[in-house]
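S.K.: What follows is a structure written as structure tokens; I'll ask about it next.
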Amino acid sequence: GGGAKNGTSFRVELTGMAIPKGVTLIAGGGYHGKSTLLRTVAAGVYDKIPGDGREYCVTDRDAVSVRAEDGRYVSNCNISAFISNLPSPPRRHPH
């Protein structure tokens with residue numbers, strides 16, 4: 001681990017995945033970190049040097065990334081295999 005200002009060491013134990021398995025939408029305004037997050041997730045499939053902090057960025061080896069080039073759109077692409085079993089939003093009951 002690293003060291004705190006008083007010279008003591010600490011250890012962090014993380015379990016599980018922060019982003020659930022399945023299709024995830026990442027949205028936000030300009031300069032809010034979307035591209036940084038996506039680059040981190042993409043790099044998470046590779047091994048890291050223990051102790052440099054990157055070992056906490058782990059991605060399932062089966063993960064894939066699909067995106068259009070800037071200024072282009074994706075069309076005529078069947079993505080039903082990715083979205084055919086999406087959960088339905090919870091039903092809201094009127095008051």
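S.K.: With +1 assigned to the C-beta of every Lys and Arg and -1 to the C-beta of every Asp and Glu, and no other charges, what is the dipole magnitude of the chain about the Cα centre in debye, to the nearest 20?
M.R.: 320
S.K.: Stretch ARG39-ASP70 to full length: gain in nm at 0.36 nm per residue minus the Cα-Cα span?
M.R.: Working it through step by step, the gained length comes to 9.6 nm.
S.K.: Grab the Cα-Cα distance for ASP60 and SER84, subtract it from 0.36 nm times how many residues apart they are, and report the gain in nm with one decimal.
M.R.: Residue separation times 0.36 nm, minus the Cα-Cα distance, leaves 6.5 nm.
S.K.: To continue, here is another question. Going from most exposed to least, what order do TYR56, TYR31, TYR73, TYR46 have by accessible area with a 1.4 Å probe?
M.R.: Result of the area sort, largest leading: TYR31, TYR73, TYR46, TYR56.
S.K.: Which one, VAL41, GLY51, PHE10, is farthest towards the positive end of the dipole of the range 9-95 when Lys and Arg carry +1 and Asp and Glu -1 on their Cβ?
M.R.: Comparing the listed Cα positions along the dipole, VAL41 ranks first.
S.K.: Here is a further query. Extension gain ARG11-ARG91, at 0.36 nm per residue separation less the Cα-Cα distance, in nm?
M.R.: 24.5 nm is the gain from fully extending ARG11 to ARG91.
S.K.: Continuing with this model, one more query. I'd like the accessible area for VAL66, computed on protein heavy atoms only with a 1.4 Å probe and all protein chains in place. Round to 10 Å², please.
M.R.: 110
S.K.: Measure nothing fancy, just the Cα-based angle from helix 34-43's long axis to the longest principal axis of the chain, in degrees from 0 to 90, nearest 10.
M.R.: Result, in degrees: 70.
S.K.: Pick the calculated Cα Rg over 2.2 N^0.38 Å for this structure from (1) 1.35; (2) 1.51; (3) 1.15?
M.R.: Computed from the coordinates, Cα Rg over 2.2 N^0.38 Å corresponds to (2).
S.K.: Hey, what's the chain come to in accessible area per residue, 1.4 Å probe, Å²?
M.R.: 100
The values are calculated or read from the model by the stated rules, or taken from the named source; none is laboratory data. What you see is a predicted model; the values in this text were computed from it and never measured. Reconstructed Cβ throughout: ideal geometry from the backbone, glycine too, with neighbour counts over all protein chains shown. Heavy atoms of the whole protein, side chains included, go into the accessibility calculation; ligands, DNA and RNA do not. Shrake-Rupley method; radii C 1.70, N 1.55, O 1.52, S 1.80 Å.
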